[in-house]
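Nothing in this text is a laboratory measurement; each read-out follows from the coordinates by a stated rule. Here the structure is a predicted model, which is why all the values come from computation and not from measurement. Reconstructed Cβ throughout: ideal geometry from the backbone, glycine too, with neighbour counts over all protein chains shown.
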Amino acid sequence: MKNLILGSSSPFRRELLDRLGLKYRCISPDIDERPHADENAEALVRRLALEKAQAVARQTQDALIIASDQVAVLDGDIIGKPLSHDNAVKQLQRASGREVVFLTGLCLLDSASGRHQLEVAPFRVHFRKLSEGMIERYLRREQPYQCAGSFMSEGLGIALFERLEGDDPNSLIGLPLIRLIRMLEKEGIEVL
């Protein structure tokens, strides 16, 4: 079996991949993640997932590389990581009572052949009406400043939602496992 590499430094993605019980190692890709002019959200996550996998492939031989990228979209605007408390407050105020679409680009690349599979997994999050107090209490407790959309659905962030829509809840955390399993099977790696 080829070596399996997760092209990410995200502890959340590592935790998700661990669920599959596969042996892998991590290499953090170093790429410019800024959007290109006039690049829409879906094109952005497709490009970044592929570029992350290609960056790792340049450092390895004969491996299957898993890479992903995620953005949140509200009213056509890409919502990134807030990086600060003030930005997180603004993001959650804007999302209050609304639908935010999360797009996760997923790439599985064979470094020996250059062949790759690339998909985008959408996931819709319907936020509750959030008071200023709810937002402040949530942010103080969880501090999700490195998370697109300013929440962690695997933690207390679930309390912010009215409902969720999508085919794989793992995609909301950043690694769509259902799609990844299908991709791995096409490469001869059986999870079960």
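Which residue, of 66, 31, 5, is in a strand (DSSP E or B) and over 20 Å from residue 168 (Cβ atoms)?
Working: 66 fails: over 20 Å from residue 168 (Cβ atoms); 31 fails: in a strand (DSSP E or B).
That would be 5, the only listed residue that is in a strand (DSSP E or B) and over 20 Å from residue 168 (Cβ atoms).
Of the set (1) under 21 Å from the mean Cα position of the chain (by Cα); (2) among the polar types (S, T, N, Q); (3) surrounded by fewer than 15 Cβ atoms within 10 Å (Cβ to Cβ); (4) over 25 Å from residue 66 (Cα atoms), all apply to residue 146 but (4). Checking each residue in the range 98-130 for being farther than 17 Å from residue 8 by Cα and of a type in the set (Gly, Ala, Ser) picks out 112, 113, 114, 121. A single member of 118, 109, 139, 130 is at negative phi, in contact with a Cys (Cβ under 9 Å, 6 or more places away or on another chain) and either free of Cβ contacts under 8 Å to residues at least 60 places away in the same chain or surrounded by fewer than 18 Cβ atoms within 10 Å (Cβ to Cβ) (or both), and it is 118. Among the residues of the range 70-92, those identified as touching a residue at least 24 places away in the same chain (Cβ under 8 Å) and in a strand (DSSP E or B) are 70, 71, 72, 73, 74, 78, 79. Could you list all residues from the range 167-192 that are without any contact (Cβ under 8 Å) to a residue 60 or more places away in the chain and buried (at least 17 other Cβ atoms within 10 Å of the Cβ)? Selection gives 168 alone. What do you reckon, is residue 169 more than 17 Å from residue 91 (Cα to Cα) and either within 19 Å of the chain's Cα centre (by Cα) or not charged (D, E, K, R) (or both)? Criteria met by residue 169. Restricting attention to the range 8-28 and to residues that are under 14 Å from the mean Cα position of the chain (by Cα) and assigned to a helix (DSSP H, G or I), the residue that is nearest to residue 147 (Cα to Cα) turns out to be 12.
If we scan the range 83-103, do we find a residue that is under 30 Å from residue 184 (Cβ atoms), within 21 Å of the chain's Cα centre (by Cα) and small (Gly, Ala, Ser)? No.
Only one entry of 162, 99, 132 meets the criterion of being among the acidic types (Asp, Glu) and either in contact with a helix residue (DSSP H, G or I) (Cβ under 9 Å, 6 or more places away or on another chain) or over 26 Å from residue 76 (Cα atoms) (or both), and that entry is 132.
Just to check your reading of the model, which residue among 95, 67, 49, 63 is in contact (Cβ under 8 Å) with a residue 40 or more places away in the chain, more than 19 Å from residue 9 (Cα to Cα), surrounded by 18 or more Cβ atoms within 10 Å (Cβ to Cβ) and among the small types (Gly, Ala, Ser)? It would help to see each step written out before you state the result.
On the way: 67 fails: more than 19 Å from residue 9 (Cα to Cα); 49 fails: more than 19 Å from residue 9 (Cα to Cα); 63 fails: more than 19 Å from residue 9 (Cα to Cα).
Of the residues listed, the single one that is in contact (Cβ under 8 Å) with a residue 40 or more places away in the chain, more than 19 Å from residue 9 (Cα to Cα), surrounded by 18 or more Cβ atoms within 10 Å (Cβ to Cβ) and among the small types (Gly, Ala, Ser) is 95.
Considering 114, 97, the condition of being part of a loop (DSSP other than H, G, I, E, B) and either farther than 29 Å from residue 5 by Cβ or of a type in the set (Phe, Trp, Tyr) (or both) is satisfied by 97 alone.
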